[in-house]
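Visitor: Here it is: the structure, laid out below.
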Amino acid sequence: DEGRDVDHVRALVAHALAGDAEAKQLLRESGRQVGELLAVAINLLNPQAVVLGGDMAAVYDVYAAGVREAVYARSSALATRELQFLPSTFGDRAGLVGCATLALDHVLSPSAIDARLTQT
């Protein structure tokens, strides 16, 4: 087996989009591994939804199938009864938008604004 030269997850996604079964399997397995970690948070926090995005947005169906598989296997029925898995509306920009949101939340927080007002 010769394998493929993949230097970034985007290249793996491109292979999957081209119909490469091995790339799809690797993406699904990656989803399972993320799902195993998410299951802990889901059991603890009982969220209404899990939003998946970033570089995996283009292969959401394949990736989310792996995530769901692991989450349902490792989470309580109560925590997953109404749980929804959703694709990010920001696609592969989700990380950037999330980072910007966190920065704005910090800069515009009541304590940050109070500190600025007392400095002037």
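Each reported figure results from applying straightforward, stated rules to the coordinates on display, with no laboratory input. In this text, all values refer to a predicted model and were calculated from it rather than measured experimentally. Virtual Cβ from ideal backbone geometry, glycine too; neighbours counted across all protein chains shown.
Visitor: Could you sort 79-90, 58-69, 103-114 so that the peptide with the highest average Cβ count within 10 Å comes first and the rest follow in order? List each step's numbers first, then the result.
Guide: Details: 79-90: 14.5, 58-69: 19.7, 103-114: 9.8.
Going by the mean number of other Cβ atoms within 10 Å, highest first, we get 58-69, 79-90, 103-114.
Visitor: Would you pull out the residues with amide H under 5 Å of Phe85's amide H, same chain only if 5 or more places away, H placed 1.01 Å from N?
Guide: Val50
Visitor: Take the chain, compute every pairwise Cα distance, and split them into 5 Å bins from 0; I just need the percent in each bin.
Guide: 2, 11, 16, 17, 15, 12, 10, 7, 5, 3, 2, 1, 0, 0
Visitor: Specify the inter-centroid distance of segment 1-33 and segment 58-120, based on alpha-carbon positions, in whole Å.
Guide: Measuring centre to centre over Cα atoms gives 24 Å.
Visitor: If you line up the long axis of helix 110-119 against the longest principal axis of the chain, both from Cα atoms, how many degrees apart are they, to the nearest 10?
Guide: Roughly 40 degrees between the two axes.
Visitor: So what's the back-of-envelope 222 nm ellipticity for the chain, counting only DSSP H runs of four-plus at -39500 (n - 2.57) apiece and dividing by all residues, rounded to 500? Present the calculation step by step, with values, prior to reporting the outcome.
Guide: Numbers: 6 runs with 77 residues, N = 120.
Helix-only estimate at 222 nm: -20500 deg cm²/dmol.
Visitor: Same structure again: Along its three principal axes, how long is segment 35-98 when you only count alpha carbons? Whole Å, largest extent first please.
Guide: 31, 22, 18
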